[in-house]
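All of the numbers you see were taken from the coordinates with simple rules; none came from a lab. No experiment lies behind these values; they were computed from the predicted model shown. Here the Cβ positions follow ideal geometry from the backbone for every residue, glycine too, while neighbour counts run over all protein chains shown.
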Amino acid sequence: CPRPPEFATRQPRMKVLIVYAHSQPTSFNGALLRTAVETLEAEGHQVQVSDLYAMGFNPVASEADFKARRFEGHLQYDREQKAAVAAGSFSDDIAAEIDKVQWCDLLILQFPLWWYSVPAIMKGWFDRVFANGLMYGQFGRFNKGGMRGKRAMVSTTTGCFPGMVAEGGVMGHLDAILWHLQYGTLAYVGFEVLEPFVTWSVRYEDDQARVGYLAALGERLKHLDQVPIQPLHAVEEFGEDWKLKAGIEPRTFAHQACEARRR
């Protein structure tokens, strides 16, 4: 029997981890989370959620993160991470989150944009879960990172209007605001990073606009295979001086900005 047209064009089923950072289930971030889970599951994807506030996730990196220590005395956190990868000696909460990241094909971060960044609880999740020796380090970084072959996407709410983070905007360009997260965190450990999903001035919008945002996220998640991937330079494109080799045109936002400033 021929396959139905909608089955033939359906995107491949994936395992999706959503890391969610908002303390209020009734928030718009909460509505975005529910929309994401419902849409992804309806599309046939498997979904896990790390609701950091509900879990009481501890964002503070400390010696308690390791069941055994390789280096006594002064805590060298990244070196202890590498030893814990080899020995399987992470604390249970970190080990559980690492398992989820390794399980997923797609990582989605859902959070409100605070001070040009993620909430502290999500930053602590990166600090403790993105382990040296597993996500970066012995594998390398960027296209050589431990998470290569996986994808990630930022979904964030903002209190600003689009023009405020456009070229020449009072807040600076959105690509600059998200640079540390999309390039310096996600891409650094090997993820291919999809274009972010951003909702604007949520606090000042009416219900109709918010419903529109929820619908737009649903459509985005139904067509993930069509979402553009953020440009990235392979590590091979840099020379021994750690700079782009001659003849390599800068493709990322910051590399292009540096080239424009040089000129």
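Things to note:
- Couplings 3J(HN,Hα) for the range 52-63, derived from phi with the Karplus relation 6.51 cos²θ - 1.76 cosθ + 1.60 (θ = phi - 60°), are 4, 5, 5, 6, x, 4, 7, x, 8, 6, 7, 5 Hz, where x marks Gly and Pro.
- Rg/Rh for the range 94-234 (Cα atoms only, Rh after Kirkwood) is 0.98.
- DSSP-loop GluC sites (Glu not before Pro) across the range 145-254, with at most 12 other Cβ within 10 angstrom: Glu167, Glu240
- Within the chain, the longest run free of exposed loop sites, counting chymotrypsin sites (Phe, Trp or Tyr not before Pro) that sit outside DSSP helix and strand states (H, G, I, E, B) and have at most 14 other Cβ atoms within 10 Å, spans 117-241.
- In order along the range 103-114, phi translates into HN-Hα couplings of 5, 7, 8, 9, 10, 10, 9, 10, 6, x, 6, 10 Hz, rounded to whole numbers, per the Karplus curve 6.51 cos²θ - 1.76 cosθ + 1.60 with θ = phi - 60° and x for Gly and Pro.
- Most simply put, the chain has about 15% antiparallel DSSP beta bridges, counting only bridges with both residues inside it.
- Sites matching trypsin sites (Lys or Arg not before Pro) across the range 157-254 that sit in DSSP coil, with at most 16 neighbouring C-beta atoms within 10 Å: Lys243, Lys245, Arg251
- For the chain, alpha-carbon Rg over 2.2 N^0.38 Å: 1.08
- In this structure, the amide hydrogen of Gln230, modeled 1.01 Å from its nitrogen in the peptide plane, lies closer than 5 angstrom to those of Val193, Leu194, Glu195, counting only residues at least 5 positions away or on a different chain.
- Positive-end residue, the chain charge dipole about Cα centroid, Cβ charges, pick of Tyr204, Ile108, Phe90: Phe90
- The phi torsions of the range 247-259, fed into the Karplus equation with coefficients 6.51, -1.76 and 1.60 and a -60° offset, translate into couplings of x, 8, 6, x, 10, 8, 4, 5, 5, 5, 5, 5, 5 Hz, rounded to whole numbers, with Gly and Pro shown as x.
- Base-10 log of normalised Debye intensity for the range 1-112 (one unit scatterer per alpha-carbon) at q = 0.19, 0.22 Å⁻¹: -1.01, -1.16
- 222 nm mean residue ellipticity, helices alone, for the chain (DSSP H n ≥ 4; -39,500 (n - 2.57); rounded to 500): -9500 deg cm²/dmol
- Here the range 155-263 is treated with +1 on each Lys and Arg Cβ and -1 on each Asp and Glu Cβ, and its dipole about the Cα centre works out to around 220 debye.
- Surrounding net charge for Met55, when Lys and Arg each add one and Asp and Glu each subtract one, Cβ distance under 15 Å: -3
- This model, with +1 at the C-beta of Lys and Arg and -1 at the C-beta of Asp and Glu, gives the chain a dipole about its Cα centre of some 440 debye.
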